[in-house]
Amino acid sequence: MEWKDVFPVLAGGLVILIVALVVKPVLLGEPIGLVSPGPAAVQKPPVYVPPAPVPSATPFPDDGAAYTRNFRWTAIDGGVQTTQVRIPEALFLAHRETPQIADPLAWGRYAIADADRPILEDLAHRIAPPAGNPEEDYFRLMNLVFFVQQIPYELDSSTDSYVEGVIPRNAVRQGGEAGYSKYPVEMLVDGRGDCEDASILMAGLLDALGYDTVLLRYPEHMALGIRMNEFNPYYAKYTPKYFAYEGKHYYYVEGTDFDWVNISADSPVRRGKPFPIGDADGTGIPGVRSGTPEIIPLHYVPTPAEYRIRPARLPAGGA
Amino acid sequence: MDLKVPKLEKPKLPKITISRRQALTAAGTAVAVIAIAFIGGALLLDYTGDRQVATFGSHVAASEGDLSLVSGKISSLMRSSPDDLSVAECDAYMREFAAIADYGMGVTACHRQIVGADRVPGAYAGAQLAYVRALDNLNRAFSLWSSAAAAYDAKAYTAAKENLARADQAWKEYTAAVEDYDRELRSAEEGGWIPPV
């Protein structure tokens, strides 16, 4: 074999290589030469950025202007109790200026507002002082329930419901009616409120004592739900009503009224006893007797049910 | 007009004499060219396919590595029980949740782009598509988490709850896509060599 015979073979091979390594990549937009397409322009994945810390709220000064309110109520043993509550004016006004929460599911925020907490803890411990005997816990609880039930009822649309004598500008107007949910200290300053205000105040006071409570929202009423295990006292002349939420039982507690009579025909002074736990008939509202309320938790954080990242197997020969 | 066609002589082709040796050389050359082209092409394709799978694998590994960091953040948050928190603590919990959602969205979007741009052999195309689908679903879930956190911040708890319900559905679709990916990958690895697409 001579060189002139080998030359065409080499030339043919060269043509094939040029076609494979240059012409085809150029036509297909691939890199030229013996390199794989390789990674696309690799971006750097983002890094975790923690949320910026929120400065804690400035506490309302104790020595500034304040509302002082005297409360007089009957305890469940029949004795008359009194106490005084002092509420910084700045806190009250800040609540009045806060826009109303439109979504009822978020109304638990009213009851456990951080700024109200010290006042509610103090008041709750005065209404229901810590008992040495665990059996007295029930009486503590009922004293607190009875305290709230004795606060006069007033509709949101009535100017009498507000210490200023006018409906707050943040009230939600619907038709001729006004709707205004009060923070607990607003209810204490105003000295009156409607069913949702009473339920919010009661929830805030009970939460301050460590009770697990929810708000029970009916189309035409609001009450409180308190978590109890198998509350079924032998003396009850009714079947205690409860609602299940996340596997727990919350018993109905009325917040706006109590079982009362006037002490005499010509006296406005009333005496009575609290509507007991689990008694949903006392209100006389048909929807409460037979309906199922929307349950509004106080401490609500929406959490996903699915959140586990599943590891995927890597291709054999991969990195 | 009297045209006369000139008499053409038959052209004389040069006489080619091929010896047996020359014929064998030519045939051998042709066979050699075909063999070189075939073997070279096959080697080139095989090399390219392996490189593509390795690149795809490295990108999946990088994605999984970053997702495990996201997973660590999620697990840490979910371990801290949100029960009985104060309003300020609930809000801080949800800000952390929003930050993780944004982190997850960024990680999944970035790796989806990288893995989606990979050129893989035909046998691995199903695995690649399934993995990209998994990242897309996870990205959607994180996006809905972010919307839920924004709704919570606006005190629209019902909207937050609804967004999380939709996120749970997207998360289930992500899990299904990862299962598809595993199955497609096993099939590609057991199915032998297929030319690159």
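Assorted remarks:
- Leading residue by the ranking (nearest to A:D114 (Cα to Cα)) among those in segment A:182-213 that are surrounded by 24 or more Cβ atoms within 10 Å (Cβ to Cβ) and small (G, A, S): A:G204
- Close pairs (7 angstrom Cβ cut-off, 6 or more residues apart or separate chains): facing chain A (nearest Cβ under 7 Å) in segment B:79-98, of a type in the set (V, I, T) anywhere: B:P82/A:V301; B:P82/A:T303; B:L85/A:V301; B:S86/A:I112; B:V87/A:I112; B:C90/A:V301; B:Y93/A:V301; B:M94/A:V301
- So B:I74, is it at the interface with another protein chain (Cβ under 7 Å from one of its Cβ atoms), more than 14 Å from A:T303 (Cα to Cα), among the aliphatic types (A, V, I, L, M) and crowded, with 17+ Cβ neighbours inside 10 Å: no
- Pairs linking a residue in segment B:55-74 that is in contact (Cβ under 8 Å) with a residue 60 or more places away in the chain to a residue that is surrounded by 19 or more Cβ atoms within 10 Å (Cβ to Cβ) and part of a helix (DSSP H, G or I), with Cβ atoms under 6 Å and 6 or more positions apart or on different chains, are B:S63/B:H111.
- Filter result for the condition that a residue is assigned by TED's automatic domain parsing to the domain that holds A:L205, free of Cβ contacts under 8 Å to residues at least 60 places away in the same chain and either open to solvent by 70 Å² or more (accessible area, probe 1.4 Å) or part of a strand (DSSP E or B) (or both), over A:P130, A:P59: A:P130
- Residues (part of a helix (DSSP H, G or I) and open to solvent by 30 Å² or more (accessible area, probe 1.4 Å)) located in segment A:133-142: A:P134, A:E135, A:E136, A:D137, A:Y138, A:F139, A:R140
- Of the residues making up segment B:131-143, at least one is within 9 Å of chain A (Cβ to nearest Cβ) and more than 17 Å from the chain's Cα centre (by Cα).
- Qualifying residue in segment A:230-241 (condition: more than 19 Å from A:Y67 (Cα to Cα), touching a Lys or Arg at 6+ places or on another chain (Cβ under 7 Å) and open to solvent by 10 Å² or more (accessible area, probe 1.4 Å)): no
- Check on B:S58, under 26 Å from A:A305 (Cβ atoms) and not hydrophobic (A, V, I, L, M, F, W, C): no
- Test: residue in segment A:113-129 that is within 14 Å of chain B (Cβ to nearest Cβ) and either of a type in the set (S, T, N, Q) or in contact with a Cys (Cβ under 9 Å, 6 or more places away or on another chain) (or both): no
- For B:D118, the conditions (1) in contact with a Ser or Thr (Cβ under 9 Å, 6 or more places away or on another chain); (2) open to solvent by less than 20 Å² (accessible area, probe 1.4 Å); (3) part of a helix (DSSP H, G or I); (4) at the interface with another protein chain (Cβ under 8 Å from one of its Cβ atoms) all hold with the exception of (3).
- Residues satisfying the stated conditions in segment A:265-319, i.e. open to solvent by less than 70 Å² (accessible area, probe 1.4 Å), more than 7 Å from chain B (Cβ to nearest Cβ) and of a type in the set (G, A, S): A:S267, A:G272, A:G278, A:A280, A:G282, A:G284, A:G287, A:G291
- Sub-8 Å Cβ pairs linking a first residue in segment B:155-169 that is within 18 Å of B:D91 (Cβ to Cβ) to a second residue that is at pLDDT 95 or above and open to solvent by 60 Å² or more (accessible area, probe 1.4 Å), at least 6 apart or interchain, are B:K155/A:A102; B:A156/A:A102; B:L164/A:A305, ordered by first then second residue.
- Checking the stated criteria, B:A149 turns out not to satisfy the condition of being within 22 Å of the chain's Cα centre (by Cα) and surrounded by 15 or more Cβ atoms within 10 Å (Cβ to Cβ).
- For segment A:298-319, the set of residues classified as in contact (Cβ under 8 Å) with a residue 12 or more places away in the chain and either of a type in the set (D, E, K, R) or in contact with an Asp or Glu (Cβ under 8 Å, 6 or more places away or on another chain) (or both) consists of A:L298, A:H299, listed by residue number.
- Any hit, segment A:160-170, residues being within 20 Å of A:T283 (Cβ to Cβ) and among the aliphatic types (A, V, I, L, M): no
- Within segment A:99-123, no residue that is assigned to a helix (DSSP H, G or I) sits with its Cβ atom under 6 Å from a residue that is hydrophobic (A, V, I, L, M, F, W, C) and open to solvent by 60 Å² or more (accessible area, probe 1.4 Å) at 6+ positions apart or across chains.
For (1) more than 14 Å from chain B (Cβ to nearest Cβ); (2) within 23 Å of A:V214 (Cα to Cα); (3) modelled with pLDDT of 95 or more, each residue gets a yes or a no:
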position: A:Q84; (1), (2), (3): yes, no, yes
position: A:I87; (1), (2), (3): yes, no, yes
position: A:A111; (1), (2), (3): no, yes, yes
position: A:A131; (1), (2), (3): yes, no, no
position: A:L141; (1), (2), (3): yes, yes, no
position: A:D156; (1), (2), (3): yes, yes, yes
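- Scan of segment B:152-162 for residues that are assigned to a helix (DSSP H, G or I), surrounded by fewer than 24 Cβ atoms within 10 Å (Cβ to Cβ) and at the interface with chain A (Cβ under 8 Å from one of its Cβ atoms), ordered by number: B:T158, B:A159, B:K161
The values are calculated or read from the model by the stated rules, or taken from the named source; none is laboratory data. Predicted model, so just to flag it, every value in this text is computed and none were measured. In this analysis, Cβ positions are derived from the backbone assuming ideal geometry, glycine residues included, and neighbour counts consider all displayed protein chains. Areas reflect the complete protein model, heavy atoms only, side chains present, ligands, DNA and RNA absent. Shrake-Rupley method; radii C 1.70, N 1.55, O 1.52, S 1.80 Å.
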